[in-house]
1. Do the conditions hold for residue 110, that is, is it part of a helix (DSSP H, G or I), modelled with pLDDT under 80 and either open to solvent by less than 80 Å² (accessible area, probe 1.4 Å) or out of contact with any His (no Cβ under 6 Å at 6 or more places or on another chain) (or both)?
2. Is there a residue being at pLDDT 70 or above, among the basic types (Lys, Arg), assigned to a helix (DSSP H, G or I) and open to solvent by 20 Å² or more (accessible area, probe 1.4 Å) anywhere in segment 62-78?
3. Please list, ordered by first then second residue, the pairs with beta carbon atoms under 7 Å, 6 or more apart or interchain, first in segment 379-393 and more than 13 Å from residue 367 (Cβ to Cβ), second of a type in the set (Asp, Glu).
4. State which residue pairs qualify: first residue touching a residue at least 40 places away in the same chain (Cβ under 8 Å) and farther than 18 Å from residue 163 by Cα and inside segment 83-97, second residue surrounded by 17 or more Cβ atoms within 10 Å (Cβ to Cβ) and not β-branched (Val, Ile, Thr) in any location, beta carbons under 6 Å apart, and separation of 6 or more residues or different chains.
5. Quick check on this structure: which one of 603, 576 is surrounded by fewer than 17 Cβ atoms within 10 Å (Cβ to Cβ) and either out of contact with any Pro (no Cβ under 9 Å at 6 or more places or on another chain) or at pLDDT below 85 (or both)?
6. Go through 438, 409 for me and flag whichever is crowded, with 16+ Cβ neighbours inside 10 Å and modelled with pLDDT of 85 or more.
7. Going through 123, 97, 102, 82 one at a time, which residue ends up being more than 29 Å from the chain's Cα centre (by Cα), modelled with pLDDT of 75 or more and crowded, with 16+ Cβ neighbours inside 10 Å?
8. Among the residues of segment 312-322, is there at least one that is touching a helix residue (DSSP H, G or I) at 6+ places or on another chain (Cβ under 8 Å), in a helix (DSSP H, G or I) and more than 27 Å from residue 60 (Cβ to Cβ)?
Amino acid sequence: MPDALAVLGDPDEDALRRAAPGVAVSTGAARGDAEDPAVAAARPDIVELSASLGGVAVMTALVVVGGLIVLSVRERAREFALLRAVGATPGQVRGRLLRETLRVGAPAALAGGALSLGAGAALHAAMLREGVLPDGFGLALGPLPALAAVAVTLLAATSTAFLASLRLSRIRPVQALGEAAAENPRLPRWRVVTGAVFLIAALNALGFSAGATGAAASASIGGLVISLIVATAFLGPLVARAGNRVLGRAARAASPVAGRMAQHAAGAAALRAGSLITPVALGVAFAGVQLFAQTTVAHAARTQAEDGNRADRIMVASGPGLPHGVAESVRLVPGVTAATPVKRTTVVMAVKEMGEKNLRSLNGSGIGADAAATMDPGVSSGRLGDLRGGAVALSRDVAGGLRVGSTAPLWLADGTRIRARVVAVYDRGLGFGDVLLPHDVVAAHSASPLDDRVLVRGRADLSAVTAAYAGAGAVTPDAFQAGLSQEIRLQGFVSLLVVAAITGFILVGLVTTLATATAARRREFALLRLVGATRRQVLRMLRLEAAIVLGTGIAVGALIAAVTLTAFAARVTGLPLPSVPPLECAAVLLGVAGSGAAAILLPARAVLRRRTPPSLS
């Protein structure tokens with residue numbers, strides 16, 4: 001029986017529906033979805049991924065670029081104070097700053113928008129090559145998304161520049177130079193209130209994630225990390241003062257003179273230190289959450305597979321798969337009590353996520369009738385033994401409102417639509433896939449008759465079976481390394497690309513911010529040299545100050561990542577703690593710390609390389 005019927009010509013849609021009652025008629029662009037359900041299933045995932053990536057990119061731009069602009073405006077306070085003293089109005093000062101921001105930002109934004117088109121095409125090709133997207137998933141490039149990104153970026157840059165210039169442009173001309181000479185230690189009330197609001201939002205997201213599962217839990221955890229990072233950006237000076245009190249004591253203990261100078265320098269410029277801490281915390285938190293969320297999912301999948309395994313041996317093939325007769329031959333071996341063939345497949349199903357149903361491509365398996373003896377997917381309701389005929393078992397994350405006895409419409413690998421009766425709901429979806437179907441149903445709708453493996457219960461000699469089938473072998477469960485599911489592979493592949501792109505942008509912003517802040521301290525270094533400090537003493541002070549500032553930022557970023565990953569592990573994977581590989585963790589911390597230290601010390605060495613102290617003018 002055909003799955004779809006192509007009609008040539010220009011017939012009337014109503015006439016077609018009357019001619020074939022109950023058959024869906026698709027025209028125009030909707031024809032592609034009818035021809036290839038895998039494309040329709042992949043579209044919501046790509047839209048969700050794009051929205052998530054776009055949100056993270058915008059947030060990163062706001063935090064990094066905004067912090068850099070704020071720091072630049074603050075370091076130019078003497079220039080703006082002089083303009084106010086000679087008669088410039090507040091509007092003229094703000095207008096000059098906005099024009100400068102647009103002159104620099106507009107060409108950069110347009111260049112980035114043009115490059116994004118090529119980057120999008122390269123990403124599409126890579127995802128097709130890796131099997132992340134189905135072959136029929138086409139690429140649509142257009143100028144509107146790039147122009148929207150340009151508009152958002154310029155709006156964020158000009159808004160930040162305008163807000164940063166308000167206080168400097170409003171002060172009286174007589175007070176302007178005095179205001180520029182010393183930093184106001186008080187944090188504006190609006191920053192404190194806004195930071196507190198985002199902290200409350202983070203607590204709400206953490207509380208919501210405690211009672212959510214699946215996509216809702218992942219979305220709430222994403223809101224948690226964004227809220228914490230934005231709160232850090234607004235409350236950065238307060239965080240800098242707290243870190244200075246703790247790490248400053250350690251710096252003084254390491255070097256009494258240089259440590260005291262470093263603690264005083266970091267404490268006297270808390271606003272500057274807060275601007276420096278934010279990109280450091282952002283880099284650690286973002287890279288940590290993106291990387292270690294995937295390692296946590298992969299670890300949870302392995303743990304669930306190991307905990308749910310009841311087989312004593314596993315038949316595998318060195319080639320594409322095992323012939324259908326392998327399972328039957330294993331059952332005939334004395335000592336074997338169960339032999340379950342397992343055939344991986346992909347199922348398209350409407351999944352209820354956050355109140356809406358979306359088509360999703362799910363990983364599943366076709367399993368034999370004796371599966372209850374060789375695997376334990378953690379059935380919470382129903383019975384795995386009832387999985388026969390037109391039945392299906394679903395993981396808790398995709399079951400949504402479906403219960404045992406409900407009917408679940410789904411599409412099999414060859415596009416056949418069936419209405420399966422739910423006979424079980426289980427908890428170990430990461431280890432066993434989101435959908436379990438009868439083996440004969442999956443085999444009848446698959447392009448290949450081969451099984452992926454056979455789970456064997458019983459201590460028996462399987463050498464006769466392995467000798468009869470070329471390429472077949474029997475391994476212990478400990479030696480069997482199951483590959484990650486397609487969904488985990490998708491998330492891992494895309495996450496690596498996202499981490500590489502955005503972390504690189506964060507590091508560029510971090511280095512630029514720290515280098516700008518250090519180069520702007522020429523007068524401070526000159527004063528230290530004039531009062532007798534040697535070049536070595538100033539550099540020692542800077543190293544300890546960098547340790548205070550970078551250490552505070554890394555600690556905050558690590559705390560954000562730890563809170564987010566712990567909530568993610570508990571609600572999404574069911575693990576008590578996240579899986580954090582030590583080498584990758586050290587690479588993230590050393591990468592951020594090393595880049596930050598180089599951005600501080602290299603410009604300082606260039607400034608202090610002169611044999612005579614520079615002028616204080």
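1. Spelling it out, it is not the case that residue 110 is part of a helix (DSSP H, G or I), modelled with pLDDT under 80 and either open to solvent by less than 80 Å² (accessible area, probe 1.4 Å) or out of contact with any His (no Cβ under 6 Å at 6 or more places or on another chain) (or both).
2. Scanning segment 62-78 turns up at least one residue that is at pLDDT 70 or above, among the basic types (Lys, Arg), assigned to a helix (DSSP H, G or I) and open to solvent by 20 Å² or more (accessible area, probe 1.4 Å).
3. 380/427
4. 85/176
5. 576
6. Details: 409 fails: crowded, with 16+ Cβ neighbours inside 10 Å.
Just one listed residue meets the conditions, 438.
7. Result of the check over 123, 97, 102, 82: 97.
8. Keep residues of segment 312-322 that are touching a helix residue (DSSP H, G or I) at 6+ places or on another chain (Cβ under 8 Å), which gives 315.
Next, from what is left, pick out any that are in a helix (DSSP H, G or I): none.
Taking every residue of segment 312-322 in turn, none turns out to be touching a helix residue (DSSP H, G or I) at 6+ places or on another chain (Cβ under 8 Å), in a helix (DSSP H, G or I) and more than 27 Å from residue 60 (Cβ to Cβ).
The values are calculated or read from the model by the stated rules, or taken from the named source; none is laboratory data. Remember, predicted model here, so these are calculated numbers, not experimental data. Virtual Cβ from ideal backbone geometry, glycine too; neighbours counted across all protein chains shown. Calculation scope for accessible area: heavy atoms of the full protein, side chains included, ligands and nucleic acids excluded. Shrake-Rupley method; radii C 1.70, N 1.55, O 1.52, S 1.80 Å.
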